[in-house]
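Step one of this worksheet: look at the structure below.
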Amino acid sequence: MVKIAWGITGCGDKIEEIVHMMIDLKNKYNLDIDVYASKSAKAVLKWYKLWNLIMDEFYDIRLEVDANAPFLPGKLQTGKYDIFIVAPTTANTVAKVSHCIADTLITNSIAQGIKAKVPTYIYPPDNKMGEIETIIPSGKTLKLYIRKEDVENVDKLRKMDGITILDGVDDIREIILKYVDTND
């Protein structure tokens, strides 16, 4: 069985699609997924009316208290997880990791997981310059412009050892299926 630590930050873009994909993959392939939510993730999941769904579908859900609690970094370092996925990931988290700042549960876990050689996959929706459309909790479409600086931070992550940047939601599914196939 594939054991996944799944970090969720306060990013709303693609959150509905990602949560439904997490549930689908968990149920279809009997994945063991522990969810780690940043302080902002819980608020965003509630705005999108996904928090109760997450609570119903996943057994181990941990909310950030500080940069080391709950103790995700230690679990990553001691081999409890096969992979660490952070999706969706805010531009703020990407900026911190790209500048080696590890002061939150998710950023600290990325840093410590990489030190332990745990394959780490990050999906930042802000990965290409230009205009994107995102769906806000009301169901309306919001247009956002992705800044050059945010894309530069993503590109810095692409060059870091131990991190793989995923450019789309389908890439998340593909990565997980590779681990499922490897463990069969």
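Side notes on the structure shown:
- Some residue of the range 124-133 being at pLDDT 95 or above and either more than 20 Å from Lys3 (Cβ to Cβ) or in contact with a helix residue (DSSP H, G or I) (Cβ under 6 Å, 6 or more places away or on another chain) (or both): yes
- Residues of the range 66-91 satisfying the condition of being closer than 14 Å to Ser40 by Cβ and free of Cβ contacts under 8 Å to residues at least 24 places away in the same chain: none
Yes/no per residue for (1) of a type in the set (A, V, I, L, M); (2) surrounded by 17 or more Cβ atoms within 10 Å (Cβ to Cβ); (3) modelled with pLDDT of 95 or more; (4) touching a Phe, Trp or Tyr at 6+ places or on another chain (Cβ under 8 Å):
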position	(1), (2), (3), (4)
Gly7	no, yes, yes, yes
His20	no, no, yes, no
Asp24	no, no, yes, no
Trp47	no, no, yes, no
Trp51	no, yes, yes, no
Ile54	yes, yes, yes, no
Val65	yes, no, no, no
Asn68	no, no, no, no
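- Extreme residue, farthest from the chain's Cα centre (by Cα), among residues of the range 30-58 that are within 16 Å of Tyr81 (Cα to Cα) and not aliphatic (A, V, I, L, M): Asn30
- Pick from the range 97-127, criterion assigned to a loop (DSSP other than H, G, I, E, B) and of a type in the set (A, V, I, L, M, F, W, C), ranking: surrounded by the most Cβ atoms within 10 Å (Cβ to Cβ): Val118
- Looking across the range 156-184, the residues that are of a type in the set (A, V, I, L, M, F, W, C) and part of a strand (DSSP E or B) come down to Ile163, Ile165.
- Residue list for the range 70-96, filter: farther than 12 Å from Ile4 by Cα, surrounded by fewer than 23 Cβ atoms within 10 Å (Cβ to Cβ) and at pLDDT 95 or above: Ala91, Asn92, Ala95, Lys96
- Note on the range 124-167: residues that are in contact (Cβ under 8 Å) with a residue 60 or more places away in the chain, farther than 15 Å from Ser98 by Cβ and among the β-branched types (Val, Ile, Thr) amount to 4.
- Test: residue in the range 24-33 that is in contact with a helix residue (DSSP H, G or I) (Cβ under 9 Å, 6 or more places away or on another chain), of a type outside the set (S, T, N, Q), within 20 Å of Ile132 (Cβ to Cβ) and touching a residue at least 40 places away in the same chain (Cβ under 8 Å): no
The values are calculated or read from the model by the stated rules, or taken from the named source; none is laboratory data. These numbers come from a predicted model, not from an experiment. So basically every Cβ, Gly included, is an ideal-geometry build from the backbone, and we count neighbours across all protein chains shown.
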